[in-house]
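The block underneath contains the structure these notes are about, expressed in structure tokens.
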Amino acid sequence: MKNLPSVTEASFAAEVLASSVPVLVDFTAAWCAPCRALAPILERIAAEAESRLKVVTVDGDEESGLASRYGVRGFPTILAFSGGKEVGRQVGVANTEKLLALLEGQRAVAP
């Protein structure tokens, strides 16, 4: 995704857990068609809410240890973090409203 920073195991703590704003973390993979469908939605959220939250991606294939640590079993999986803690999770493609609701601690489920 061109506008979203990529996070690795080495940068995850600083970029996500220590972030002063809530973070949506997109666990994705290059071969994943639903991930490509979700990309423009995440890029729009990142652009529109730039000062209020952050959106980053994790290549689940390259960072399999990180995916395993957070129990990611399929792509795309979006985890919402606030104050260094996971507050929401969405498996599969979702709309903007569902993704933003994750940051409010509302557990969204795949349709």
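The values are calculated or read from the model by the stated rules, or taken from the named source; none is laboratory data. Computed from a predicted structure; not experimentally measured. Ideal geometry is used to build each Cβ from the backbone, glycine not excepted, and the neighbour counts take in all protein chains shown. Keep in mind that these areas ignore ligands, DNA and RNA; they rest on the heavy atoms of the full protein, side chains included. Shrake-Rupley method; radii C 1.70, N 1.55, O 1.52, S 1.80 Å.
Of the residues V91, V55, which is under 16 Å from A13 (Cα atoms) and under 11 Å from the mean Cα position of the chain (by Cα)? It is V55. The combined condition, being touching a residue at least 60 places away in the same chain (Cβ under 8 Å) and within 13 Å of P76 (Cβ to Cβ), is fulfilled by L24. Select from the stretch 68-77 the residues that are buried (at least 21 other Cβ atoms within 10 Å of the Cβ) and out of contact with any Leu (no Cβ under 6 Å at 6 or more places or on another chain) and list them in ascending order. Hits for the stretch 68-77 are V72, F75, T77. Of the residues making up the stretch 10-67, those that are open to solvent by 30 Å² or more (accessible area, probe 1.4 Å), under 17 Å from F81 (Cα atoms) and either part of a loop (DSSP other than H, G, I, E, B) or basic (K, R) (or both) are A18, S20, V21, P22, E50, S51, R52, K54. Of everything in the stretch 1-25, what is farther than 17 Å from R52 by Cα and among the charged types (D, E, K, R)? Give them in sequence order. Within the stretch 1-25, K2, E9 meet the criteria.
Give the stretch 1-16 a look and list any residue that's modelled with pLDDT of 95 or more and touching a strand residue (DSSP E or B) at 6+ places or on another chain (Cβ under 7 Å), or say none. Talk me through it step by step, then tell me what you get.
Step one: list which residues in the stretch 1-16 are modelled with pLDDT of 95 or more, which gives 6-16.
Hits for the stretch 1-16 are S6, V7, E15, V16.
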